[in-house]
Amino acid sequence: MSLKKITKNGRALFLAYDHGMEHGTVDFDDRSVDPEKVLAIANCGQFSGVILQKGVAEKYYNSKKYQVPLIVKLNGKTNLVDDSDPYSPQLCRVEEAVELGASAVGYTVYVGSRYENKMINEFAKIERKADKYGLPLIGWMYPRGKAVAGREYSREVLSYAARLALEVGAEMVKIPYSGDRESFSWVVKAAGKVKIVVQGGPKIKEGLFYQVIRDVLSAGAIGLAVGRNVWQAGEPIKVAEEIGKIVCEKLKAPRQKGETH
């Protein structure tokens, strides 16, 4: 399945804005609570995709207005109930994502949850349907649950999660960063031909975040899905431009044999 619609020269930079369902309004201020203002940031030219839940996509995303490709998140949950063994049900069908103009779809599997088999089964059904429509399926493979408590960012568990994405048929996997390049390089190898993007996570100091980006790229990821570290910033467009510059500098597509410029 081609990833060309959601990558630039084989590299990915997504603006994530699916936080409202998962986190409530705790991440938002008067500016970022407005989807139109965040979509304006997504459309600034730096991003190869914007990640939205179905409801926000159908009410705010317009392919004639926004050039940034749409990635629809197909499942979700709140954080208001016991999260020790989470389950995230499917809320949007592939057909609905197609109608919304999606260039790709995503689905979360909580690896290590006692409900992981149910999510893996849903993922497999979605993968078959997405194939019929020619849509890439991105696996949010997040270690979470009692079985992996305290080991969510370990080399062993994250590489298992990355390998799961390969085994179940994902084209791309969104996964947490292990915290160091050496261990994350093994995570990338475990994913095989599945491309890895790293979740941006909570807002941190910009200089530190830029270094994290350089580290994950040098470990072999093709990019990242960033949300709070952009739209919580004082100057989000400026931060987006800096991130885009780092991704382009660090991950220029290799010249093919016989190619000239």
(request) Give just the number: which of (1) part of a helix (DSSP H, G or I); (2) modelled with pLDDT of 95 or more; (3) more than 17 Å from the chain's Cα centre (by Cα); (4) of a type outside the set (Ser, Thr, Tyr) does GLY234 not satisfy? (result) (1)
(message) Step by step: first the residues of segment 177-194, then only those that are surrounded by fewer than 21 Cβ atoms within 10 Å (Cβ to Cβ) and in a loop (DSSP other than H, G, I, E, B), then the one that is farthest from the chain's Cα centre (by Cα). Which residue is that?
(response) ASP180
(message) I need the full set of residues from segment 128-145 which are of a type outside the set (Asp, Glu), part of a helix (DSSP H, G or I) and in contact (Cβ under 8 Å) with a residue 40 or more places away in the chain, in order please.
(response) ALA130
(message) Just the residues that are β-branched (Val, Ile, Thr) and in a loop (DSSP other than H, G, I, E, B), please, taken from segment 197-231.
(response) ILE204, ILE222
(request) Among the residues of segment 78-113, count how many are in contact with a helix residue (DSSP H, G or I) (Cβ under 7 Å, 6 or more places away or on another chain), of a type outside the set (Asp, Glu) and not in a strand (DSSP E or B). (result) 11
(message) Please go through segment 151-174 and give me each residue that is surrounded by fewer than 23 Cβ atoms within 10 Å (Cβ to Cβ), among the basic types (Lys, Arg) and in contact (Cβ under 8 Å) with a residue 40 or more places away in the chain, ordered by number.
(response) none
(request) From the list VAL72, VAL148, VAL81, VAL105, pick out the single residue that is without any contact (Cβ under 8 Å) to a residue 12 or more places away in the chain and β-branched (Val, Ile, Thr). (result) VAL81
(message) What's the total number of residues in segment 154-171 that are part of a loop (DSSP other than H, G, I, E, B) and under 18 Å from LEU3 (Cα atoms)?
(response) 3
(message) It is to be established whether one or more residues within segment 229-248 are at positive phi and touching a strand residue (DSSP E or B) at 6+ places or on another chain (Cβ under 7 Å).
(response) no
(message) Checking ASN117 against (1) surrounded by 22 or more Cβ atoms within 10 Å (Cβ to Cβ); (2) closer than 30 Å to SER154 by Cβ: exactly one of these is not met. Which one?
(response) (1)
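The values are calculated or read from the model by the stated rules, or taken from the named source; none is laboratory data. Here the structure is a predicted model, which means the values were calculated and not measured. Every residue, glycine as well, gets a Cβ built from its backbone with ideal geometry; the counts of neighbours run over all protein chains shown.
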